[in-house]
Amino acid sequence: MSAVARWNYSVADSRLLEGLVGLEYDGGCWAFRVVTHSFATTATTTVNSFFMQLELNGVSKIGSNPLDLLRRNIGGYYRAAAPSVRPGDDVFPPR
């Protein structure tokens with residue numbers, strides 16, 4: 001499981017300007033992602049959004065893509081690639 005978050009808080013206004021929280025669970029052949037985003041558009045209005053995605057590795061993705069939101073709003077964010085197994089590699093080393 002991995003998590004990422006970002007908060008922009010205005011001390012002068014005593015309010016959250018932007019908040020972003022994301023969680024991902026990688027089950028090997030599938031991954032599930034959840035991201036919530038809160039963004040102040042005016043002094044009194046806040047827009048909230050929620051994204052969920054189920055990815056079946058190598059097959060399909062179901063749901064909205066939260067990875068683009070994370071890349072746009074968190075500088076330097078990248079999703080660490082899962083290690084891949086190549087043909088001929090020992091998946092189960094000898095004991």
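Derivation of every value follows stated rules applied to the coordinates shown; laboratory data play no part. Bear in mind the structure is a predicted one, so any value in this text is a computation, not a measurement. Please note: Cβ atoms are built from the backbone with ideal geometry, for glycine as well, and neighbour counts cover all protein chains shown.
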In whole µm²/s, the translational diffusion coefficient that Stokes-Einstein assigns to the stretch 2-73, given a Kirkwood hydrodynamic radius over C-alpha pairs, 4 °C and 1.567 mPa s, equals 97
Magnitude of the Cβ-charge dipole of the stretch 2-73, K/R +1 and D/E -1, about the Cα centre, nearest 20 debye? 80
Approximate spin-label separation residue 52-residue 72, in nm, with each point projected 7 Å along Cα-to-Cβ: 2.2
Given points 7 Å out from each Cα along the Cα-Cβ axis, report the residue 4 to residue 30 separation in nanometres with one decimal. 2.3
